[in-house]
Structure formats: structure tokens, C-alpha cells
Amino acid sequence: MKPLARRLTAAALLTALALATGCAKSEDDADKAKSGSGGEGGGQVAAEPTKGAKTCTAGQYGAEKLDLSKATVGFSQSEKEANPFRIAETASIKAEAKKRDVKLLTSNAQSQFSKQISDVQDLISKGADLLVIAPLNSDGWEPVLKQAAAKKVPIVTVDRKINAKACKDYVSFIGSDFVEQGRRAADRMIKATGGKGKIAILLGTPGNNVTTERTKGFRDRIKQKAPGLDVVFKQTGEFAREKGQQVTEQLIQSQPDIDGIYAENDEMGLGAVNALKSAGKKAGDVKIVTVDGTRNAVQGIIDGWIHGVIESNPRFGPLAFSTLDDFTRGEKVGQTIVIKDDAYTPANAKRDLSKAF
């Protein structure tokens with residue numbers, strides 16, 4: 001892992017400039033993001049691997065060594081790119097492929113899991129030598145894994161895990177510690193509410209590890225540190241702004257005296273803000289904590305509507321391609337590569353707004 005860690009550290013110093021023209025500022029800048037402009041945030045930095053962390057090599061995986069610059073990489077995006085996270089994620093992958101002069105095939109499942117399965121199978125059929133997948137769901141990948149194994153196509157997953165065996169069914173997972181994100185969101189909520197009151201959880205989409213782990217981290221920390229906080233409402237907002245607004249409208253009807261809302265991504269949190277405004281609430285009446293780090297959510301902190309945002313950096317391009325590069329040359333790569341995430345608070349939101357995506 002040492003060669004990889006050194007490269008990633010160096011890459012992180014360069015990426016802030018290199019990807020400044022490759023990541024979206026917000027959903028309002030989608031067109032700019034797709035054309036490779038907008039955004040001043042930096043790329044991801046991998047956390048130091050824990051002692052004894054499992055690694056994978058091409059030899060262990062049963063893959064052949066190859067020159068990444070001569071390979072074809074397939075990228076499967078899971079969700080509609082109306083979400084700033086997905087806009088920035090795809091822009092980062094495309095920017096890094098272009099920077100490395102690697103042929104890239106892309107697809108977008110438009111939030112339909114059956115389409116994502118057929119999309120990835122199509123990428124393999126079109127000649128992808130390597131795959132980077134942002135999974136919509138964690139289960140149900142058997143058809144893809146079987147086809148990829150038959151064609152000896154290594155897979156790296158980003159942002160969400162698939163329920164399969166690392167260094168056998170796929171090479172590596174690159175993403176955040178979602179349980180820790182939930183814990184940190186709980187800490188912000190405890191600070192905002194004083195550890196007492198009624199709170200609601202806007203859950204992410206069912207069926208993936210992000211929702212499960214962000215919920216677990218939040219609820220466990222609340223139980224441990226703030227038993228005076230009572231979770232009186234939880235419902236999925238499907239990681240979408242419109243759905244988050246609808247769910248919050250229902251929440252206000254059933255719990256008009258709600259003290260706090262934990263939204264498991266920024267889009268749902270911004271939907272909650274819209275619902276609170278429509279209900280005549282004032283900024284700060286309900287403490288909102290979210291996860292992601294979009295420009296609009298960080299602006300929400302500045303405007304007083306959101307209390308804190310736990311970052312989940314979507315700029316996977318440099319780390320994903322560094323991992324593929326090491327792997328294809330026969331070096332060890334981590335089976336799980338955890339990225340470092342920052343946080344936005346009332347103390348730093350204005351200063352760090354340009355880092356948001």
C-alpha cells in the first residue's frame with residue numbers, strides 16, 4: 001500500500017487544481033460540470049489503512065497485468081445526474097480519464113437497477129477491460145459478476161458497496177466510512193439541539209449500504225450520547241430533493257413541534273428546507289444536519305437554515321484511476337479504501353464554500 005499511498009498524497013495536492021475545471025458547483029451548474037468547468041474543490045485523500053488491512057493484487061484476483069493507458073475503462077453511473085453528487089462524480093471520472101488519455105465508456109442507469117445491470121453487461125460486451133461502478137443497490141449483482149469473471153474484467157466500486165467478496169468478485173471498494181458519517185452527523189445534531197428534543201430522520205434509498213450505515217451510525221451515537229433526543233419520525237426520502245420535501249411536509253403535519261431533522265443527503269435536506277419555508281418556519285427553528293457537501297447545502301448553513309453538513313466527497317476520479325493503475329501493474333491495492341471527509345459548520349461554511357461541489 002505504501003507506493004499507492006505516496007501517489008495518492010501527491011495526487012491530492014495536484015487534484016485541487018486539476019479538477020477545479022472538472023467538478024460541478026451545484027445542480028444549477030450541471031451543464032458546466034458536464035463540459036468540464038466549475039467548482040474549486042479538491043480530490044479525495046485516502047485515509048491511512050488500518051494495521052492488517054486486506055489488500056489485493058492482480059495475481060490474487062486472477063487478472064492479467066496490462067498498461068492502463070492502453071486499456072478501455074467502463075464507468076457505470078447509478079442515478080440521474082440532477083443530483084449534484086452524481087454530476088461531480090461523473091465529471092471527476094471523465095476528467096481523470098481525459099488527463100490520463102484513457103479510453104472511457106460511460107453509462108447512466110437513471111436510477112433503475114435493472115438498467116444498471118444491463119448497462120454494465122453492455123460495457124463488458126463493448127470491450128471494457130476494467131470497470132468502475134457506482135452501484136445503485138448493494139444486492140443483485142450476480143449476473144454482472146459472473147460475466148465479468150468469465151471475461152476477466154476487474155471491478156472497482158465507488159461510493160456504495162456491493163454484497164460480494166473483495167479480491168474475488170471485485171477488486172476494491174473506494175468510499176467513505178458511512179457509519180462514521182452518521183456518528184458525526186449525530187454529534188452536530190446533539191450540539192445544535194443541546195441533546196434534547198424530538199428529531200426526525202429522512203432516510204436514503206432502501207437497499208444499499210449507505211442508507212443502512214448512515215442510519216446506524218447516527219442512531220447508535222444518539223443512544224450513547226444523547227438519550228434525551230427522541231427519534232419520533234423516520235421515512236425514506238430516496239436521496240431526492242422533491243421526495244425530501246414531500247416527506248417533511250408530512251412530518252410537519254404529524255409533528256409540528258419537531259426540533260431537528262437528520263437528512264442522509266443534502267438533496268433531502270434542501271427539500272426539508274423548502275417544506276419548512278412553506279410552513280412559515282424561520283431559519284433555525286428546526287435544526288437540520290445533512291451529509292454530502294453540495295454548494296447549495298453549504299450556502300444553507302450561511303443562510304441559517306442548515307446547522308451542519310458532513311462531507312462525502314464525490315470526486316472519485318484520481319483515486320479510482322490510481323487504484324486501477326497500481327492494480328494493473330501488479331501492485332497491492334486495498335480491498336477497502338476509505339476516504340477522508342471534512343465537515344461544514346457555521347464556523348467555516350462561508351470560508352469553505354468554494355470547496356463544495
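The values are calculated or read from the model by the stated rules, or taken from the named source; none is laboratory data. Since this is a predicted model, take the numbers as computed values, not measurements. No Cβ is skipped: glycine too gets one built from the backbone with ideal geometry, and neighbour counts run over all protein chains shown. Protein only, heavy atoms only, side chains kept; ligands, DNA and RNA dropped before computing areas. Shrake-Rupley method; radii C 1.70, N 1.55, O 1.52, S 1.80 Å.
Things to note:
- Of the residues 355, 161, the one with the largest accessible area comes first in the ranking 355, 161, computed with a 1.4 Å probe on protein heavy atoms.
- By accessible area with a 1.4 Å probe, ligands and nucleic acids excluded, highest first: order of 238, 81, 142, 264: 142, 238, 81, 264
- Extended-chain gain in nm, criterion 0.36 nm per residue less alpha-carbon gap, residue 126 and residue 147: 6.3 nm
- Heavy-atom accessible area ranking, 1.4 Å probe, most first, across 285, 326: 285, 326
- Computed over the chain, the per-residue total of -39500 (n - 2.57) for DSSP H runs of n ≥ 4 gives a 222 nm mean residue ellipticity of -13000 deg cm²/dmol, rounded to 500.
- Within the stretch 305-335, backbone nitrogen closer than 15 Å to the virtual label 7 Å beyond the Cα of residue 65 toward Cβ: 325-333
- Applying 1/(1 + (r/R0)^6) with R0 = 25 Å to the Cβ-Cβ distance of residue 114 and residue 242 gives a FRET efficiency near 0.65.
- Distance from the stretch 321-355 to the stretch 71-108 (C-alpha centre basis), Å: 16 Å
- Convex hull volume of the Cα atoms of the stretch 239-308, normalised per residue: 68 Å³.
- Local charge for residue 121 was computed over the other residues whose Cβ lies under 11 Å away, with Lys and Arg +1 and Asp and Glu -1, and equals +2.
- Gaussian network model of the chain, springs between alpha carbon atoms under 10 Å - residue of 168, 146, 340 with greatest fluctuation: 146
- DSSP-defined antiparallel bridges as percent of all bridges, the chain, nearest 5: 10 percent
- Among 131, 202, 66, residue whose mean-square fluctuation peaks in a GNM of the chain (springs only between Cα atoms under 10 Å): 66
- Stretching residue 103 away from residue 163 to a fully extended chain increases their span by 18.8 nm, per 0.36 nm per residue minus the current alpha-carbon distance.
- With all protein chains modelled, accessible area of residue 339 [1.4 Å, Å²]: 10 Å²
- Whether the stretch 170-289 is rounded, prolate or oblate, judged on the alpha carbon gyration tensor where a/c under 1.5 counts as rounded: oblate
- A Cα-only calculation for the stretch 85-180 places Rg and Dmax at 13.0, 38 Å.
- For the chain, a Gaussian network of Cα nodes joined below 10 Å ranks 116, 224, 299 by mean-square fluctuation, and the top entry is 224.
- Angle between the chain longest axis and helix 178-193 axis [Cα atoms, degrees, rounded to 10]: 20 degrees
- Alpha carbon centroid spacing (whole Å) that separates the stretch 266-283 from the stretch 142-184: 35 Å
- Filtered trypsin sites (Lys or Arg not before Pro), the stretch 278-333: DSSP coil and at most 10 other beta carbons within 10 Å: 282
- Packing order of peptides 48-60, 245-257, highest average first: 245-257, 48-60 (average count of other Cβ atoms within 10 Å over each peptide's residues).
- Helix 113-125 axis, angle to the chain major axis (alpha carbon atoms, nearest 10°): 20 degrees
- Distance from the stretch 236-256 to the stretch 43-69 (C-alpha centre basis), Å: 41 Å
- The count of lysine pairs in the stretch 139-212 with alpha-carbon distances below 16 Å, taking only pairs 8 or more places apart or on different chains, stands at 5.
- Extent along principal axes [Cα atoms of the chain; Å; largest to smallest]: 60, 39, 36
- In Hz, Karplus ³J(HN,Hα) per residue of the stretch 239-256 (6.51, -1.76, 1.60; θ = phi - 60°; x = Gly, Pro): 6, 10, 5, 4, 5, x, 5, 4, 5, 5, 4, 5, 4, 4, 5, 8, 9, x
- Axis of helix 2-18 versus longest Cα principal axis of the chain: the two differ by about 60°, to the nearest ten degrees.
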